[in-house]
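The values are calculated or read from the model by the stated rules, or taken from the named source; none is laboratory data. Source: prediction; values computed, not measured. Glycine also receives a Cβ, built like all others from the backbone with ideal geometry; neighbour counts cover every protein chain displayed. For accessibility, only protein heavy atoms count, side chains too; no ligands or nucleic acids. Shrake-Rupley method; radii C 1.70, N 1.55, O 1.52, S 1.80 Å.
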Amino acid sequence: MTMTDTAHSIPLSSGRQGDAISRFVEGERRRARREMITNRLLALGFGLFVIAVWAIATHGGFVHALIIPTPLATLEATGRVMSASYFWPNVWVTAQEIFWGFMIGMATGAIFGILVAMFPAVRATLYPYLVALQAPPKIVLAPIFVTWFGFDMESKIAISVVMCFFPMFLNTLTGLSSVDPNAVKLMRSLTASRWQTFRYLLLPNALPIMMAGVKLCWTLAVLGVIVGEFVGASAGIGYLIYAMNFQLDIAGVFCLIILLSLFTLVIYQLIEWLENRVVFWKAL
Amino acid sequence: MAAEIISGANISKVYATATGPLVALDDVSFGIEEGEFISLVGPSGCGKSTLLSILGGLEARSLGGLTIAGEKAGKPRSDVGMMFQTSVLFPWRTIRENVRLPGQVLGLDKRQQAARTEELLDMVGLNGFGDRFPGELSGGMRQRVGLARLLAHDPRILMMDEPFGALDEFTRETMNLELLNIWEKTRKTVIFVTHNIGEAVFLSDRVFVMTPRPGRLEGIVEIDLPRPRTTEVMRDPRYSELVFEIRRMLGVDH
């Protein structure tokens, strides 16, 4: 049996210049490590620079404290807000709204994406309307939803669902449609049913694009909830931001914005981590 | 004369385009016997891939009749295996799972398929690569997996559309030898599409020479080179004669 083209993929343990090769590899590795450390330091340095500019501008009196609080005041506000009795119940409300908005929006988007991609009749019937509905900025629905669903969680969840729906719908549809025509021919030649083609080929093939949709959904779910809380709510982080802004507690507002961003970012990273596990083959 | 496993009678394929009807295949008739190795050769636009798609049931013919294994044909069949220019391995499946795909789709016995998969991986020289993913393999190795998957459900007829067309010359030659090796062992009916005349002569019992605009079956060349064949065959003066006969039919010698 001939194996001429397999040789290069078997890990090379030693060449004819064994020692020199391992020294070379070690050198390359060191260089890559140095470069990574330099890049980290550059990013960190820029962050510190921004904070320094912020501190100079505020402490130096170039910007009024009512417009931008000092870094120290923001830090102090963080301690004050996080230890206040009202803080965690409000966090809990917002977290639940985001969770349900994200989950329901994502699920309905994916389901409609699958239906439109898999059934030509559904596509012909619904697709023009779904695309047309995508045109208006979804935020205009916020006041109406508050009117319909009230000041409690339901209205925020509804806005969040609407925000999440379209990116998930479109990414699912795109993912299911962008498939190698030869792969489809292969499944057809094997007399695969529509369900088998979906399960063995189309769905796994769509996962990378769908996961990109999930990441989009996440930030939009947060956005939808906060906007909803601005428009009409009696609890939640958006409500707190709105109230503090009204009371000119700008340091408190800054602190909540930073905490909210951190929360969004941490979950985003978690989704990315999950993505790398779900679509592991992208890295191969 | 052995029984014909595939016979086509006056097959035509017409596409309706904005500028009028485009005849991709014009009145093609032929018979293929069980166990024959047939190549379809011709320049792009001669309809060879279209003809293969029609034989495989992936495309509908506009006119004419087609019989496979005594039945009227027109749909994909589980006794026909198809292979394409790209290996179309699924990157989320291991090599082993890729070879298992046809068995899964056709609902074949799992234990038998598992054993057969190992046999086939052995046969194409990929023993020990079963747990790797396609992204970790070279182009040549991926087509070997494609070859193993092609044989997984033991189809009676193999239809291959320029399967090694994207490989470099050396790898292509190796793959051709491997394919001949497999064919000698299994004696399946093979229909092999290529634009490489030398490859067609080297592999086939008969070469269907096709010309473009409209796609026609110009003639059929009997390849009377001895079997089993090795690359030594290419030294045979008869090999060059056959290559040049086909070149003449295609009008590529001026």
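Of the helices (runs of 4 or more DSSP H) that lie entirely inside region B:79-152, those containing 3 or more residues that are more than 10 Å from every other protein chain (Cβ to nearest Cβ) and closer than 21 Å to residue A:280 by Cα span B:95-106. Screening residue B:40 with (1) in contact (Cβ under 8 Å) with a residue 12 or more places away in the chain; (2) open to solvent by 70 Å² or more (accessible area, probe 1.4 Å) gives one miss only, at (2). Listed conditions (1) of a type outside the set (Asp, Glu); (2) touching a Ser or Thr at 6+ places or on another chain (Cβ under 7 Å); (3) crowded, with 20+ Cβ neighbours inside 10 Å; (4) on the phi > 0 side of the Ramachandran plot are all met by residue B:64, apart from (3).
Residues considered: B:56, B:42, B:64, B:74. Of these, the only one that is more than 9 Å from chain A (Cβ to nearest Cβ), touching a helix residue (DSSP H, G or I) at 6+ places or on another chain (Cβ under 7 Å) and within 24 Å of residue B:15 (Cβ to Cβ) is B:42.
Rundown of residues vs (1) open to solvent by less than 10 Å² (accessible area, probe 1.4 Å); (2) within 21 Å of residue B:82 (Cβ to Cβ); (3) within 15 Å of the chain's Cα centre (by Cα), yes/no style:
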position	(1), (2), (3)
B:166	no, yes, yes
B:169	no, no, no
B:180	yes, yes, yes
B:195	no, yes, yes
B:198	no, no, no
B:213	no, no, no
B:218	no, no, no
B:224	no, no, no
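Looking across region A:174-227, the residues that are more than 21 Å from residue B:82 (Cβ to Cβ), hydroxyl-bearing (Ser, Thr, Tyr) and assigned to a helix (DSSP H, G or I) come down to A:174, A:177, A:219.
Here's the yes/no breakdown for (1) within 22 Å of the chain's Cα centre (by Cα); (2) part of a helix (DSSP H, G or I); (3) among the acidic types (Asp, Glu):
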residue	(1), (2), (3)
A:125	no, yes, no
A:128	no, yes, no
A:132	no, yes, no
A:142	yes, yes, no
A:145	no, yes, no
A:148	no, yes, no
A:151	no, no, no
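The sole residue among A:184, A:140, A:179, A:116 that is open to solvent by 20 Å² or more (accessible area, probe 1.4 Å), among the β-branched types (Val, Ile, Thr) and either over 27 Å from residue B:146 (Cβ atoms) or in contact (Cβ under 8 Å) with a residue 40 or more places away in the chain (or both) is A:140.
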